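Trainee: The following block contains the structure, expressed as structure tokens.
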Amino acid sequence: MSERQIQIEVLRYNPETDIEPTIQAYTVSCLNEWVVLDALNYIKDNLDATLSYRWSCHMAVCGSCGMMINGEPKLACKAFIHEYSDRIRVEPLVHFPIKRDLITDIEDFIAKFASVKPYLIPKEKRPISDGEYQQKPEDLLKFKQYTLCINCMLCYSACPKYGLVPEFIGPAAISIAHRYNQDSRDGGRHHRQEIIASSEGVWECSFVGACSEVCPKHVDPAGALQQVKLASTIDWYREHLMPWVKK
Amino acid sequence: MDIIQTDIAIIGAGGAGLRAAITLAEANQKLRIALISKVYPMRSHTCAAEGGAAGVSKSDDSLDCHFEDTVGGGDWLCDQDAVEYFIKEAPRELIQLEHWGCPWSREQDGSVAVRPFGGMKIKRTWFAADKSGFHILHTLFQTSLKYPSIQRFDEYYALDLIEDDGRCYGLTALEICSGQIKHFEAGAVIIAAGGAGRMFQFTTNGAIKTGDGMSLAYRAGVPLKDMEFIQYHPTGLPNTGILLTEGCRGEGGILINKDGRRYLQDYGMGPETPVGKPALKTMELGPRDRLSQAFWHEQQKGNTLSTQWGDCVLLDMRHLGEKKINERLPFVRDLSISYLGMDPVKDLIPIRPVVHYCMGGIHTDINAATPLLGLFAAGECACVSINGANRLGSNSLTELLVFGRRAAMSAIACIQSIPRLGNKAALTAKAEDSQSRILALVHKSRGSETISGIRKEMMQTLEEGAGIYRTGESLSKTCEKIAELRHRYTSIALNDKTKVFNTELLQALELSSMLNCAEAVAVCGRDRKESRGAHQRLDFTARDDTNFLKHTLAYYHPKDPPRIEYLDVVITKSRPGVRDYSGVRK
């Protein structure tokens, strides 16, 4: 297996000892099949035990290890060393406050995610004894893609609007709302609408589309945003121009 | 020290912990619920489960059939009363998840689809493509957001249970972002903190699976049960240990050796079934223990393929076609392409067995109650003994749900019936001891050992001594080595003395948890002088029901190896018999 000496430049910041972040470089002999996370683990185990970052599954499903790699939001466990040159810059996800080293404060995201009521609000209640709701494969397909979000927040780092307007509830939160809105079992759209159709909701989005480009799971939050905008526009017309039509 | 008062504290916010929290919130909205986890809930390792969750739901199936598959699959080490309860509750839990929005894959008519799984005589595995655990976890997490009474303590690491006079009254936990230690006062505690697969080098388990919950209970005097039973999943990617679900074989994938032979037929799982037409409970749909053991024999015979990542056999899914793979196994395809550079649509995928699951864990009864009053456990960290000596694929996701809920109901009954009259001074003193222990570890100035060094040696000795096949000699060596490592652990010192996100401190604590669990694995294995399920001894090759139709209980000792006791297996209706996975039975 081929190896390469790579300079891994990592943003370091410890609020107890540092006034501001600095960059620390480590030289790591990396196997070509490694991901950037492997290099960080090597550093942690062999070079510098004080380096802090989040990680767990190493298979791009737990969403822990989002970071900026050469300026792009990536999962460190899916950023392959062979795709990079001999210098790799690793920094915490932008648009989030840094807690320490590569670890960011994600409470803002968690609160926004929860605010859109990301759970099934059943159209009609069904007792367990009646078994499952019927849902045809084609009905499942209408929202399946939006269930795949791993909450890694790469889309928030990629979103220029979230950087400028921190109140924007952002791509992943809107996608998850859209996911439930599109679910044939759900009847809660109007409960979510007041949040996602608000000024901090979809209308902040200027459709740059960067969220969908960086999504490691191909969720296409930009597509969800556009569909929500369209649906909200139709709502508005119905309400204002055709008030006799029931919602 | 800050005190956080709560009625019921849950440690771990994966499938079992979230299911428990929702049960509590639904039962009584006035209950104060603390959901404590070292990671945000959606990072929990439930997310990595792929294949699906078993439950009887179709007209061709029956509770008896699921029972027989599970008990036989577990080589009769299952407690049959617990299995009966589990199987009866399973369908209800799967439907409940469906009502909460879980995107289960569907049949054309709109009903939930089922797929075949290893060791199961009938198709009964509910699945959401090949991301079933991920969808279960996210459905539960998102549903939990409905309930304001579930107070989450994300990124809190549980340090010690606080007990007095044989009853658990809460715990201490480290707030990772501040380094502060908090004392959670609780009427009952539920541990749902996952398994300990990271004891091994080559594992499907994420970094967080370090046996913290098991060690927490063990150190408080609760025995760990049946720890010698470690499941190797037969199909892991050889370079990373990434799991390729059993669903690959359920959908019709086959295993071949370097000569292209479907070697499973040579290990009591034949005759060969037609390619692309898998028959239930035979060949590639045999149980995981048998398949992993067959790999070992092939390796001994020189029939495996030697690759840069070690010896492998090949998983052939090409005949399934691109459409079916994309629909049923999209994650498998993505993982194979991304991490191995091979596409199952056109390539044979090299795979080898990889440590996947701990059948053993915190000893609980059928109510998810541990012997320590006020302490309950559910999920992989627990051993309620439905899995016996070998878990069948797709029983564990259902187990999280059934026993997560059961633990919550038991905890409610406990706080209602058993008074909470702990000696306040004694409890406070214990919480302070816990804090002192951590401060001493952080501030210790000089150390001769490193965390990564000891961890590496632990992994190595487990691999050598407690792998797919074991001997008394190999296990004894491993016992000695782990005893030595536990001693050497006391000589580590941290480089990082700071408070905020001190992940080196977390690694030190996790290593200690793993060493405790690892010692239980080796000692229990050394003393079980028979072969059963996932515990295979080259020096005692037969199952011995006369002496070992028993659970092993390991009791912690702060310095010495654990004390071992045995407990009878509960048998209600199935006497131990022959595990027959040949296609000629009936």
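The values are calculated or read from the model by the stated rules, or taken from the named source; none is laboratory data. All values reported here derive from a predicted model rather than from experimental measurement. Glycine gets a Cβ as well: all are built from the backbone with ideal geometry, and neighbour counts include every protein chain shown.
Trainee: For the list (1) at pLDDT 95 or above; (2) surrounded by fewer than 19 Cβ atoms within 10 Å (Cβ to Cβ); (3) out of contact with any strand residue (DSSP E or B) (no Cβ under 8 Å at 6 or more places or on another chain); (4) not hydroxyl-bearing (Ser, Thr, Tyr), I need the number of the one condition that residue A:166 fails.
Mentor: For residue A:166, the exception is condition (1).
Trainee: Out of everything in the range B:20-52 that is of a type in the set (Gly, Ala, Ser) and within 13 Å of chain A (Cβ to nearest Cβ), what residue ends up being surrounded by the most Cβ atoms within 10 Å (Cβ to Cβ)?
Mentor: As a first pass, look at the range B:20-52 and keep what is of a type in the set (Gly, Ala, Ser): B:20-21, B:25, B:27, B:34, B:37, B:44, B:48-49, B:51-52.
Then keep just the ones that are within 13 Å of chain A (Cβ to nearest Cβ); that gives B:25, B:37, B:44, B:48-49.
Numbers: B:25: 20, B:37: 27, B:44: 32, B:48: 23, B:49: 28.
Ranking the qualifying residues of the range B:20-52, first place goes to B:44.
Trainee: Is it the case, given these coordinates, that residue B:201 is surrounded by fewer than 24 Cβ atoms within 10 Å (Cβ to Cβ), in contact with a Lys or Arg (Cβ under 9 Å, 6 or more places away or on another chain) and closer than 25 Å to residue B:561 by Cα?
Mentor: The answer is yes for residue B:201.
Trainee: Here is a further query. Determine whether residue A:141 is out of contact with any strand residue (DSSP E or B) (no Cβ under 6 Å at 6 or more places or on another chain), within 11 Å of chain B (Cβ to nearest Cβ) and at negative phi.
Mentor: Taking the combined requirement at face value, the residue satisfies it.
Per-residue answers, yes or no, for (1) farther than 27 Å from residue B:411 by Cβ; (2) more than 11 Å from chain A (Cβ to nearest Cβ); (3) polar (S, T, N, Q):
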site: B:92; (1), (2), (3): no, no, no
site: B:99; (1), (2), (3): no, no, no
site: B:105; (1), (2), (3): yes, no, yes
site: B:125; (1), (2), (3): yes, yes, yes
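Trainee: Within the range A:146-158, can you find the residues that are at the interface with chain B (Cβ under 10 Å from one of its Cβ atoms) and outside any loop (DSSP other than H, G, I, E, B)?
Mentor: A:146, A:147, A:148
Trainee: Could you tell me how many of the residues in the range A:28-55 are within 8 Å of chain B (Cβ to nearest Cβ), of a type in the set (Asp, Glu) and in contact with a Leu (Cβ under 9 Å, 6 or more places away or on another chain)?
Mentor: Total meeting the criteria: 1.
Matching residues to (1) touching a strand residue (DSSP E or B) at 6+ places or on another chain (Cβ under 6 Å); (2) surrounded by fewer than 19 Cβ atoms within 10 Å (Cβ to Cβ); (3) within 14 Å of another protein chain (Cβ to nearest Cβ); (4) of a type in the set (Asp, Glu):
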residue: B:432; (1), (2), (3), (4): no, yes, no, yes
residue: B:448; (1), (2), (3), (4): no, yes, no, no
residue: B:452; (1), (2), (3), (4): no, yes, yes, no
residue: B:490; (1), (2), (3), (4): no, yes, no, no
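Trainee: Please verify whether residue B:505 is within 14 Å of another protein chain (Cβ to nearest Cβ), crowded, with 19+ Cβ neighbours inside 10 Å and assigned to a loop (DSSP other than H, G, I, E, B), treating the condition exactly as stated.
Mentor: no
Trainee: For residues in the range B:355-377 being within 10 Å of the chain's Cα centre (by Cα) and assigned to a loop (DSSP other than H, G, I, E, B), which is farthest from residue B:46 (Cα to Cα)?
Mentor: Filtering the range B:355-377 for residues that are within 10 Å of the chain's Cα centre (by Cα) and assigned to a loop (DSSP other than H, G, I, E, B), the one farthest from residue B:46 (Cα to Cα) comes out as B:360.
Trainee: Scan the range B:107-126 and give yes if some residue there is among the basic types (Lys, Arg) and touching a Cys at 6+ places or on another chain (Cβ under 7 Å), otherwise no.
Mentor: Of all residues in the range B:107-126, those among the basic types (Lys, Arg) come to B:115, B:121, B:123-124.
This time we only want the ones that are touching a Cys at 6+ places or on another chain (Cβ under 7 Å), so: B:121.
For the range B:107-126, residues among the basic types (Lys, Arg) and touching a Cys at 6+ places or on another chain (Cβ under 7 Å): present.
Trainee: Residue under question is residue A:114, and the condition is that it be of a type in the set (A, V, I, L, M, F, W, C) and in contact (Cβ under 8 Å) with a residue 60 or more places away in the chain; does it hold?
Mentor: Spelling it out, it is not the case that residue A:114 is of a type in the set (A, V, I, L, M, F, W, C) and in contact (Cβ under 8 Å) with a residue 60 or more places away in the chain.
Trainee: Something else about it: Is one or more of the residues making up the range B:212-219 closer than 30 Å to residue B:162 by Cα and among the basic types (Lys, Arg)?
Mentor: yes
Trainee: Now for a separate question. Working only within the range B:518-532, note down all residues that are among the charged types (D, E, K, R) and surrounded by fewer than 24 Cβ atoms within 10 Å (Cβ to Cβ).
Mentor: B:527, B:529, B:530 - these are the residues of the range B:518-532 that are among the charged types (D, E, K, R) and surrounded by fewer than 24 Cβ atoms within 10 Å (Cβ to Cβ).
Trainee: Still on this structure, please answer the following. Going by the structure shown, is residue B:278 away from chain A (no Cβ under 14 Å), in contact with a Pro (Cβ under 7 Å, 6 or more places away or on another chain) and under 30 Å from residue B:541 (Cβ atoms)?
Mentor: Details: away from chain A (no Cβ under 14 Å): yes; in contact with a Pro (Cβ under 7 Å, 6 or more places away or on another chain): yes; under 30 Å from residue B:541 (Cβ atoms): yes.
It is true that residue B:278 is away from chain A (no Cβ under 14 Å), in contact with a Pro (Cβ under 7 Å, 6 or more places away or on another chain) and under 30 Å from residue B:541 (Cβ atoms).
Trainee: Residues being more than 13 Å from the chain's Cα centre (by Cα) and among the hydrophobic types (A, V, I, L, M, F, W, C): count how many of those fall in the range A:94-114.
Mentor: 5
Trainee: So, residue B:405, is that one basic (Lys, Arg) and touching a Gly at 6+ places or on another chain (Cβ under 7 Å) or not? I'd like the intermediate steps shown before the answer.
Mentor: On the way: basic (Lys, Arg): yes; touching a Gly at 6+ places or on another chain (Cβ under 7 Å): no.
So residue B:405 does not fit the description; no.
Trainee: A further question follows. Filter the range B:53-90 for residues that are aromatic (Phe, Trp, Tyr) and closer than 18 Å to residue B:114 by Cβ; which is nearest to the other protein chains (Cβ to nearest Cβ)?
Mentor: The first filter runs over the range B:53-90 and keeps only residues aromatic (Phe, Trp, Tyr), leaving B:67, B:76, B:85-86.
In the following step, the residues that additionally are closer than 18 Å to residue B:114 by Cβ were identified as B:67, B:86.
On the way: B:67: 21, B:86: 17 Å.
For the range B:53-90, the residue satisfying everything is B:86.
Trainee: What pairs come out if I take residues in the range B:484-512 that are over 22 Å from residue B:196 (Cα atoms) and pair them with residues that are among the acidic types (Asp, Glu) and surrounded by fewer than 19 Cβ atoms within 10 Å (Cβ to Cβ) whose C-beta lies under 7 Å away, six or more apart or interchain?
Mentor: Short answer, once both residue conditions are applied: B:491/B:449; B:498/A:16; B:499/A:16; B:500/A:16.
Trainee: Now for a separate question. Can you find a residue that is over 12 Å from the mean Cα position of the chain (by Cα), surrounded by 23 or more Cβ atoms within 10 Å (Cβ to Cβ) and not in a helix (DSSP H, G or I) anywhere in the range A:198-207?
Mentor: Yes, some residue in the range A:198-207 is over 12 Å from the mean Cα position of the chain (by Cα), surrounded by 23 or more Cβ atoms within 10 Å (Cβ to Cβ) and not in a helix (DSSP H, G or I).
Trainee: Of the residues that sit in the range A:56-104 and are more than 8 Å from chain B (Cβ to nearest Cβ) and among the acidic types (Asp, Glu), which one is surrounded by the most Cβ atoms within 10 Å (Cβ to Cβ)?
Mentor: That would be A:91.
Trainee: Go through the residues of the range B:29-40 one by one and say whether even a single one is in contact with a Gly (Cβ under 7 Å, 6 or more places away or on another chain) and not aliphatic (A, V, I, L, M).
Mentor: yes
Trainee: Across the range A:107-132, what is the number of residues that are surrounded by 15 or more Cβ atoms within 10 Å (Cβ to Cβ), in a loop (DSSP other than H, G, I, E, B) and either among the aromatic types (Phe, Trp, Tyr) or more than 7 Å from every other protein chain (Cβ to nearest Cβ) (or both)?
Mentor: Residues flagged as surrounded by 15 or more Cβ atoms within 10 Å (Cβ to Cβ), in a loop (DSSP other than H, G, I, E, B) and either among the aromatic types (Phe, Trp, Tyr) or more than 7 Å from every other protein chain (Cβ to nearest Cβ) (or both) within the range A:107-132 amount to 4.
Trainee: Looking for something facing another protein chain (nearest Cβ under 8 Å), within 24 Å of residue A:173 (Cα to Cα), in contact (Cβ under 8 Å) with a residue 24 or more places away in the chain and not β-branched (Val, Ile, Thr) - is there at least one such residue anywhere in the range A:14-27? Spell out the reasoning first.
Mentor: Taking the range A:14-27 as the starting set, the residues that turn out to be facing another protein chain (nearest Cβ under 8 Å) are A:14-17.
Okay, now just the ones that are also within 24 Å of residue A:173 (Cα to Cα), so none.
No.
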